[in-house]
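Visitor: Take this structure first; my questions come after.
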Amino acid sequence: MTTPSQPGRLYGVGVGPGDPELLTVKAQRVLQSVPVIIYADSLVPEEIAGFAKPGAIIYGSKEMALPEIMEVTLQAVSEGKTVARIQSGDPSLYGATLEQMRILERERVDYEIIPGVSAAFAAAAVLKAELTVPEVSQTVIMTRAEGRVAMPEGESLIDLARHGSTLVIFLSVTRMFRIANQLQEAGYPADTPVAVAYRVGWPDQQIIRGTLTDIAEKVRDAKITLQALIIVGKAVDPNLLDPASDERVAVSHLYSDEYTHLYRRAGQGDHAAADRTELYEAGGYEVQPERAVHTSTGDD
Ligand SMILES: C[S@@+](CC[C@H](N)C(=O)[O-])C[C@H]1O[C@@H](n2cnc3c(N)ncnc32)[C@H](O)[C@@H]1O
C-alpha cells in the first residue's frame, strides 16, 4: 500500500471459533484498547465483545451489509480512531477479507490482520485428531461444497476427492447427503470416518461421528443445519487413538531417536548410515558427514 492517508487504522482480528479463551494475547490486547469494535454477532459470542474498554462503541455486523460496515469503519478512521473488525476463526478462511482489504487499500487506510484459531483446528483439537497422520494422510484440503457459490474449475468435491486426503469442509452441512454420496462416488470407501463438529467452543457444541454411509442421517437427526464443519478421512478415525494401533499406524519421524534434525542428533541406534541418510533426505534435510542440516522451508 502507498502511504496511509487516514489518521486512524484498522485491525482485522481473528478471534477463534467461539471459546473466548481461544483468543490470542494480541487479539485480546487490541480488543481491550480500541474505541470502535465491529463484530460478526452471529458467529462471535458476546463475551468477546465484552473485552472492550468502557465507552468503546460496539457494532454487531449481523444485519449490516459490507458497504455499511465499511462506511462505519472509514468514518471512524477518518476521525483518527482505531477500529477492530472482529472475524470468527481465522480471517483468511471464508472471511470475505479480501474485499474489505481492497477497500482499505483504495482508501489508503493502514491496517493489520491478526490471525485466529480456525474452527478447523479447534475441531481437530476437540476430536483429539491429528489431521496429518503418517502413511494415512499427509495432506489437508480445506474446502466447501458447491452451493450458491460456484466452485472454480478443478475444485469440485469430486475433483478434490481423488486425492483421498483429509477433507475439512466448511459452510456445507446442509448438503451432507449429497457430499457423502459424491465422496463415495469419487472413491472414498463407504466406511471412511467422518466427524461433524457443530459450534465448536460454544456451550452447545456437539460432535457427531460416523462414516460416509451413516453421517448424513445422524446430522439430519441432530437437526444441525449451520455452524458446523465436516471432517472426512481416516485421520479422524477415533480408533487411531487406541494404543494398540501403534502397531498398525506409522509414527512421525519427528521425535524418533533415529532421526537427526537441526536441534537433535540421532542416537546411534540400529539403523545403518545409508538408511539414516535416506530418512533425512526424505524429511527435507541435507545430509553432511556427522550431522544433518535442515534445508527445507517449513518442515522442522
Ligand atoms: C464464514 S465461515 C468462517 C470460517 C472461519 N474464518 C474459520 O477460520 O473458522 C463459517 C463456517 O465456518 C465453520 N465454523 C465457524 N465457526 C465454527 C464453530 N465454532 N464450530 C464449527 N464450525 C464453525 C462452519 O463451517 C461455518 O459455516
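Visitor: Let me confirm something: among V25, V34, which residue is loosely packed, with under 14 Cβ neighbours inside 10 Å and under 28 Å from P203 (Cα atoms)? Reasoning before the result, please.
Guide: Working: V34 fails: loosely packed, with under 14 Cβ neighbours inside 10 Å.
Of V25, V34, the one residue that is loosely packed, with under 14 Cβ neighbours inside 10 Å and under 28 Å from P203 (Cα atoms) is V25.
Visitor: Same structure again: Of everything in the range 102-127 that's surrounded by fewer than 19 Cβ atoms within 10 Å (Cβ to Cβ) and of a type outside the set (A, V, I, L, M, F, W, C), which residue is nearest to V25 (Cα to Cα)?
Guide: P115
Visitor: Go through the range 187-237 and tell me which strands (runs of 3 or more DSSP E), entirely inside it, have 3 or more residues that are surrounded by 20 or more Cβ atoms within 10 Å (Cβ to Cβ), assigned by TED's automatic domain parsing to the domain that holds S88 and more than 10 Å from the ligand (Cβ to nearest atom).
Guide: Result: empty, no element qualifies.
Visitor: While we're on this one: Could you look through the range 161-179, keep only residues that are open to solvent by less than 50 Å² (accessible area, probe 1.4 Å) and more than 16 Å from the ligand (Cβ to nearest atom), and pick out the one that is farthest from V126 (Cα to Cα)? Before the answer, list the steps.
Guide: Of all residues in the range 161-179, those open to solvent by less than 50 Å² (accessible area, probe 1.4 Å) come to 161, 164-170, 172-173, 176, 179.
Then drop every residue that is not more than 16 Å from the ligand (Cβ to nearest atom), which leaves 161, 164-165.
On the way: A161: 24, G164: 23, S165: 20 Å.
For the range 161-179, the residue satisfying everything is A161.
Visitor: I've got another one for you. Do we find that G89 is under 28 Å from F170 (Cα atoms), in contact (Cβ under 8 Å) with a residue 12 or more places away in the chain and open to solvent by 20 Å² or more (accessible area, probe 1.4 Å) in this structure?
Guide: So G89 fails the test.
Visitor: Return a yes/no flag: does the range 60-82 have any residue that is buried (at least 22 other Cβ atoms within 10 Å of the Cβ) and either acidic (D, E) or assigned by TED's automatic domain parsing to the domain that holds W202 (or both).
Guide: Scanning the range 60-82 turns up no residue that is buried (at least 22 other Cβ atoms within 10 Å of the Cβ) and either acidic (D, E) or assigned by TED's automatic domain parsing to the domain that holds W202 (or both).
Visitor: For the condition more than 19 Å from L240 (Cα to Cα), out of contact with any Lys or Arg (no Cβ under 7 Å at 6 or more places or on another chain), assigned by TED's automatic domain parsing to the domain that holds I208 and open to solvent by 30 Å² or more (accessible area, probe 1.4 Å), what is the one hit in E146, E99, E130?
Guide: E146
The values are calculated or read from the model by the stated rules, or taken from the named source; none is laboratory data. Nothing here was measured: the structure is a model prediction, and the numbers come from that model. Here Cβ is always computed from backbone atoms with ideal geometry, including for glycine, and neighbour counts include all displayed protein chains. Note: areas computed on protein heavy atoms with side chains; ligands, DNA, RNA excluded. Shrake-Rupley method; radii C 1.70, N 1.55, O 1.52, S 1.80 Å.
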